[in-house]
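Down below is the structure, laid out as structure tokens.
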Amino acid sequence: MENRMSTHTHHSIPPVIPPANCFTVLVIDDMAPNRMLLGKFLKSAGYAVFEATNGIEALELLREQAILPDLIITDVEMPVMDGITMIEQIRYLDSSVAAVPIITASGNADDEMRSRAIQAGSSVFMSKPFDLKALQKEIARLLTARRRSSQRIGGETLLQQQNRLDSKARLEVEN
């Protein structure tokens with residue numbers, strides 16, 4: 001009898017569609033090693049990971065509704081379209097993706113960049129290289145908040161209100 005089973009373990013075969021109980025993360029960075037390391041970290045924690053190399057590529061994925069991530073992690077300094085411009089455009093999309101939490105990161109962060117990212121609609125700003133424990137904590141906090149009710153109050157979901165208040169509080173703390 002011929003063996004038709006793959007020689008690969010089931011863990012090495014990437015899923016085409018993430019399981020229903022799996023959170024999805026869109027990682028946007030122009031540097032392949034950064035995407036690879038962050039992707040490996042996220043996959044080992046059980047997240048399904050999608051990638052884009054710049055803001056335009058990410059917006060195309062989001063606008064075409066090819067994916068609806070639970071979380072976005074983006075670099076700031078990228079060719080074609082930077083992370084801050086992309087965040088501004090995501091927040092103006094007329095779909096549920098506008099409320100997705102966004103972690104923004106840069107290896108060349110300064111106070112002005114942090115402020116611009118938060119004002120654009122970033123949920124959290126972090127410096128690179130990532131402190132993986134801090135990143136894990138922020139991801140858990142944001143995804144927990146994401147599960148909150150999507151009931152609308154005054155034109156905003158509770159999550160959108162919380163993200164706006166969190167962003168405003170972070171700006172006040174930083175200044």
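The values are calculated or read from the model by the stated rules, or taken from the named source; none is laboratory data. The structure displayed is predicted, hence computed values, not measured ones. All Cβ positions, glycine included, derive from the backbone under ideal geometry; neighbour counts span all protein chains shown.
Things worth noting here:
- Checking each residue in the stretch 119-175 for being in a strand (DSSP E or B), modelled with pLDDT of 55 or more and surrounded by 17 or more Cβ atoms within 10 Å (Cβ to Cβ) picks out V124, F125, M126.
- Single residue of the stretch 53-68 satisfying the filter (under 16 Å from V100 (Cα atoms), outside any loop (DSSP other than H, G, I, E, B) and not acidic (D, E)) that is farthest from the chain's Cα centre (by Cα): R63
- When every residue of the stretch 74-92 is checked against the conditions, at least one turns out to be under 20 Å from F41 (Cα atoms), at pLDDT 90 or above and either assigned to a helix (DSSP H, G or I) or acidic (D, E) (or both).
- The stretch 94-106, residues that are modelled with pLDDT of 90 or more and not in a strand (DSSP E or B): V97, A98, A99, V100, P101
- Number of the exception - F41 against (1) assigned to a loop (DSSP other than H, G, I, E, B); (2) surrounded by fewer than 19 Cβ atoms within 10 Å (Cβ to Cβ): (1)
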